[in-house]
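A.B. asks: Just dropping this structure here.
Rule-based calculations on the coordinates, nothing more; no lab input. On a predicted model such as this, the values are computed, not experimentally measured, just so you know. Please note: Cβ atoms are built from the backbone with ideal geometry, for glycine as well, and neighbour counts cover all protein chains shown.
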Amino acid sequence: MNAEGVCSAGFVHISSSLLSGNLLNLSRDLECLTEAGVGSFHIDVMDGHFVPNFAFGIEAIKQIATASKLPVSVHLMIDNPENFIDVVCVCKIESLIIHGEEKDDISPLLGRIQEQGVKAGLAINPESEVFDIARYLPLVDLVLIMGVHPGFGGQALIPSTIEKIPQIRAIRPDVPIGVDGGVNDKTAALLNREKPDILIAGSYLLNGSKPQSVEVLREKLKALCPAE
């Protein structure tokens, strides 16, 4: 597969969230997803405060990024991202995504990420408005729209979050936009109507301890692709 993964329609890149992966055999999930045609991997970091769950630490990020043959993005859902930017950016990742809703000014943090050769991403939660992050849009390399309330996999897409795609494009037409949460074969058509650049799928692709074959994963990925 090329860098765009299994989709060939051009405007969508499929990334796999590892939150629902088999933590006792994550290397197998990485290998199967890579062979099936996923375009990249997405790691959620949660601290139990910013979101009501725990997920993935620094050592896990290092090992996944080292083992992966594909680009890796990291999403910090934590209260104090400024304390972890430097240590995460040296983990051979492609992009680091942070939130701006509850910080006075994250412009310096975005700059710190980019200074280390890593793409700086900005996430926006379902309850936040595009207006809340508009001042940062000229500074970022990508925007991640949360299609669910962050913290747990397997949630249903909140349809109103999709409306943020054209709103962001109106302010920054060239920035890549991703959607994370509730991405599956049932919501793909609705999502692709607004032409996001990246779809991040988690529980739809992976189901914890239940292994998925390459063939099954390939069909699931194709179901996320836009109609050509």
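A.B. asks: Taking θ as phi - 60°, what are the ³J(HN,Hα) couplings along region 153-169 by the Karplus curve (6.51, -1.76, 1.60), each to the nearest whole Hz, with x for Gly and Pro?
C.D. replies: Calculated HN-Hα couplings, in order: x, x, 7, 7, 4, 8, x, 5, 5, 5, 5, 6, 4, x, 5, 5, 4 Hz.
A.B. asks: For each pair in Lys69/Lys222; Lys164/Lys210; Lys69/Lys210; Lys164/Lys220; Lys69/Lys164, compute the distance between the two Cα atoms and list the pairs where it is over 28 Å.
C.D. replies: The answer is Lys164/Lys210; Lys69/Lys164.
A.B. asks: What list of ³J(HN,Hα) couplings, whole Hz, do you get for region 135-140 from phi and the Karplus terms 6.51, -1.76, 1.60, once you set θ to phi - 60° and write x for glycine and proline?
C.D. replies: 5, 8, 4, x, 9, 9
A.B. asks: Next up: Let's see if you can work this out: charge +1 on each Lys and Arg Cβ, -1 on each Asp and Glu Cβ, no other charges. What is the dipole magnitude of region 13-224 about its Cα centre, in debye to the nearest 20?
C.D. replies: 700
A.B. asks: For the chain, list the cysteines whose Cβ sits under 4.7 Å from no other cysteine Cβ?
C.D. replies: Cys with no partner Cβ under 4.7 Å: Cys32, Cys89, Cys91.
A.B. asks: Mind running the shape call on region 13-224? Use the C-alpha gyration tensor, a ≥ b ≥ c as the square roots of the eigenvalues: rounded below 1.5 for a/c, prolate if a/b tops b/c, oblate otherwise.
C.D. replies: oblate
A.B. asks: Assign one of three labels to region 1-98, namely rounded, prolate or oblate, based on the Cα gyration tensor with a ≥ b ≥ c the square roots of its eigenvalues; rounded applies when a/c is under 1.5, prolate when it is not and a/b is larger than b/c, and oblate otherwise.
C.D. replies: Verdict is prolate for region 1-98.
A.B. asks: When ranked by the protection proxy of mean other Cβ atoms within 10 Å per residue, highest first, what sequence do the peptides 107-119, 16-28 form?
C.D. replies: Averaged packing, sorted descending, gives the order 16-28, 107-119.
A.B. asks: To continue, here is another question. Each residue of region 115-132 in order: what ³J(HN,Hα) in whole Hz does its phi give by Karplus 6.51 cos²θ - 1.76 cosθ + 1.60, θ = phi - 60°, with x for Gly and Pro?
C.D. replies: Rounded to whole hertz, the list is 4, 9, x, 10, 5, 9, x, 10, 9, 10, 6, x, 7, 8, 9, 4, 4, 5.
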